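Before any comments, here is the structure.
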Amino acid sequence: MAVATSDSILARSLITDRRSTNFGLKNEVCRGKVVPCRAGGKVKGKGKGRVEVKAVVQIGGLEEVKKAKDEMGLDVVSEEELREKGFLGMRKTKLVCTIGPACCSLQDLEKLALGGMNVARFNMCHNTRDWHRDVIKKINQLNEEKGFCVSVMIDTEGSQIHVLDHGAPSSVKAEEGSTWLFTAQKLEGSPPFAIQANHEGFSEGIEVGDELVIDGGMASFQVIEKVGNDLRCKCTDSGLFLPRAKFSFWRNGKLVARNSELPTLSKKDWADIEFGVSEGVDFIALSFVNDADPVRQLKNYLYMRSTRVLAKVESLESLQKLKEIVEASDGIMVARGDLGVEIPYEQIPTVQEEITRVCREMNKPVIVASQLLESMVEYPTPTRAEVADVSEVVRQYADALMLSGESAIGPYGQKALSILQMASSRMELWSREENRQSILHQRRLGVSLPDRIAEQICNCAVEMANNLGVDAIFVYTKHGQMASLLSRNRPYPPIFAFTSDNGTRMALNLQWGVIPLLVELSDDDMEANISATIELIRRKGMLKPGDVVMVVSDLTPTHINSTAFQSIQVKTVV
C-alpha cells in the first residue's frame, strides 16, 4: 500500500476562492484522461494496491470520453432537487414512510416518491401478504418506469401482545368509566366493549389492580376482575384503540415483565422474512430485539444476499445490550413509541441522542421513528412542538426520519412528508451556517491495513471537502463501504455514490447525505470512470464550469498495473 507524501498536503491547505483560481497547478489532458501533476509516494504494506492523494486538477474539453449509458442512474427527485437548489441545498436526512391503506394506490405512492420518500416501510403486523406483494410491485413499477429510487423495508411482527380485533376497521374510542373485556378467545361478530388479544397467555401473571396501558398511553384501564385468562377492565383514561394497538401492564409504577418466554423471531416472522426475500426487499427490521443473537441468526440466513438487517430498539433489554446489537446489525430503528412504554418519558430524549451517537460512531445508519407528527393522523397541521422534535432529530444527525400512522392511515400523509422535508432541510442549512457540526469521537473501525487506510482516507476527505468548500463528493464503490464512511463524518457537500451493484445502491438509500447512482464501472480504469461520470453529469446540466468535486474510490483493480483504487482527488470543472 502507499500513502500520501508531503506533496498531497498542498491540497489540504488550499482554502481559497474556488471560482476564481486554478491554484497555480499545471494540468495535462491526454487521450481522454486527466494526468495529475503530483502523486503520492509509496510505503510497504500487505496489499498490492496503491493509495494516492492527487492535487487539484481541471477537467474539461476532453476529446475522448468513455461513452456512458443514456440513463445515469440518478433518481428523478434528486436530479430535480439538484437543479433547483444546487449541491449544498440538497436534503441529506433520509425519509421513510410507512405504507398502509391510506397511501397504497399507485397514484399515492408516486406522490410520496415525488415528495422525497427514500424508503417505503411495510409493517407485517398489518394486511395480507397478497396486499404487501401488490404494493411492493407498484413501488418497483414506479422505480422502473418513472425513474425513482425508493427502497423497500419490511418490519417483522415480533413477540408482542397486541389487539387482534376490536370490532372496527380503524379506531375505537374508549370512554372513561366504561368496562371492557380483554380476551384471547375468538370473538363472534363485533360485540361492543370487547377486545381480542393475539396471544393466549396475554394475562399470565396479571393481578387485579394492575394498570393496562394501550400504545404507551393512548388509553389506560384498571384490571377489576380476572376470569380464567380473560380480564375485565375499567377505563381510567379515555382514548383511542388503533388497529393492532399494543398492550403493556404496570404495577405500583413499574412495568410488569412480559413475553420472556417468546422468541424474537416467531414462525410467522420467518414466513414473513421468506416472503420479503422472495419479493427482493432491501431491508428487514427485526422487532423487539433484546440481544444480538437473532440479528446474527437472520444475517447468517441472508448470507450472500443484498438484504440488510436492521434492529428495532424498543425495550429496556435492548438498551442494556445496545452496543452489541448495533455491532451485529446493519442499522438501527429507534422505536420511541414502544421504548417509551418501558422507560420513563423524560429519558427518551437523552436515550435517543445516545443511540444516534453510538450508531454514528460504529458507522451504522439510524432511523428515528414513532410519533414524529402524531397529531397529523387526525389533523392537517402539526403542533409546533412536533416540528421542534423533528428538527432536534435532524440536529442530532440521525440518518433518517420515519412516518408511521401519519402516512399509513392518516388522511394527510403527503403533507406530513412535505413537513419532514422542509423541517429537515431548514435545520440542515441552519446547522451548517452556524457551524454546529458535531464533533465525532473517531473510534477506529478497521482491523486490516486496507480497512484502516480506507477509514483514514474518508476522515481526511471530509475534512478537506469542508475546508476547501467543494461542491460535491463523488465516491466510486462496489459494496458501499467508503460511501458509508464518508457519510459517518457528515460532510457539508452531498455524497454522490456511483456503484454498479443495485443492492448496494438501494442500501445506500438509508445513509445520511448519500445520493446513490447505478452506473457501469470499470475495475481497471478509475480515470475512465471519473471522466465518463463527470462528463455525463455535466452534459445533463448539473455540473457547470467552476464547480469543484472531490473524488474518492474503493474499487479493487483486477490487474496489478491498474489505476489506484483507494484515492482522493480534487477536480475543478472548466
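Overview of results
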read-out: Residues within region 215-233 that are within 15 Å of F193 (Cα to Cα) and surrounded by 15 or more Cβ atoms within 10 Å (Cβ to Cβ), tallied; value: 8
read-out: Helices (runs of 4 or more DSSP H) contained entirely in region 457-574, each with at least 2 residues that are open to solvent by 20 Å² or more (accessible area, probe 1.4 Å); value: 502-507, 526-539
read-out: Counted residues, region 99-114 - those being touching a residue at least 60 places away in the same chain (Cβ under 8 Å), open to solvent by less than 10 Å² (accessible area, probe 1.4 Å) and outside any loop (DSSP other than H, G, I, E, B); value: 1
read-out: Options V65, V77, V96; residue that is at pLDDT 95 or above and either β-branched (V, I, T) or not in a helix (DSSP H, G or I) (or both); value: V96
read-out: Pair list, Cβ < 9 Å and 6+ apart or interchain, from region 73-89 residues that are over 15 Å from C149 (Cα atoms) to residues that are among the acidic types (D, E); value: G86/D471; F87/D471; F87/D547; L88/D471; G89/E81
read-out: Considering residues of region 296-339 that are over 19 Å from S159 (Cβ atoms) and free of Cβ contacts under 8 Å to residues at least 12 places away in the same chain only, the residue least open to solvent (accessible area, probe 1.4 Å); value: N300
read-out: Among (1) touching a strand residue (DSSP E or B) at 6+ places or on another chain (Cβ under 7 Å); (2) over 21 Å from S171 (Cα atoms), the one test that V387 misses; value: (1)
read-out: Number of the exception - E392 against (1) more than 20 Å from T356 (Cα to Cα); (2) surrounded by fewer than 23 Cβ atoms within 10 Å (Cβ to Cβ); (3) within 22 Å of the chain's Cα centre (by Cα); value: (1)
read-out: From the options F247, F288, residue that is under 16 Å from S159 (Cα atoms), assigned to a loop (DSSP other than H, G, I, E, B) and in contact with a Lys or Arg (Cβ under 9 Å, 6 or more places away or on another chain); value: F288
read-out: Residues of region 89-105 satisfying the condition of being in contact with a strand residue (DSSP E or B) (Cβ under 8 Å, 6 or more places away or on another chain), more than 17 Å from K138 (Cα to Cα) and not hydrophobic (A, V, I, L, M, F, W, C); value: T93, K94
read-out: Within region 441-456, tally of residues that are over 26 Å from M506 (Cα atoms) and open to solvent by less than 20 Å² (accessible area, probe 1.4 Å); value: 0
read-out: Residues located in region 250-295, provided they are open to solvent by less than 60 Å² (accessible area, probe 1.4 Å), acidic (D, E) and either in contact with a helix residue (DSSP H, G or I) (Cβ under 7 Å, 6 or more places away or on another chain) or modelled with pLDDT under 95 (or both); value: D269, E279, D282, D291
read-out: Pair list, Cβ under 8 Å, 6 or more apart: region 135-147 residue among the basic types (K, R), other residue assigned to a helix (DSSP H, G or I); value: K138/L106; K138/L109; K146/V76; K146/E110; K146/A113
read-out: P294, sole failed condition from (1) outside any helix (DSSP H, G or I); (2) over 16 Å from V366 (Cα atoms); (3) not aromatic (F, W, Y); value: (1)
read-out: Failed condition for L401, given (1) modelled with pLDDT of 95 or more; (2) open to solvent by 20 Å² or more (accessible area, probe 1.4 Å); (3) not in a helix (DSSP H, G or I); value: (2)
read-out: Restricting region 115-150 to residues that are of a type in the set (S, T, N, Q) and outside any strand (DSSP E or B), the residue that is surrounded by the fewest Cβ atoms within 10 Å (Cβ to Cβ); value: T128
read-out: Failed criterion for T356 (all others in (1) open to solvent by 10 Å² or more (accessible area, probe 1.4 Å); (2) in a helix (DSSP H, G or I); (3) free of Cβ contacts under 8 Å to residues at least 60 places away in the same chain hold); value: (1)
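The values are calculated or read from the model by the stated rules, or taken from the named source; none is laboratory data. All figures in this text were calculated on a predicted structure; none of them were measured in a lab. We place every Cβ from the backbone using ideal geometry, glycine too, and count neighbours over all the protein chains shown. These accessible areas exclude ligands, DNA and RNA; they are computed on the full protein's heavy atoms, side chains included. Shrake-Rupley method; radii C 1.70, N 1.55, O 1.52, S 1.80 Å.
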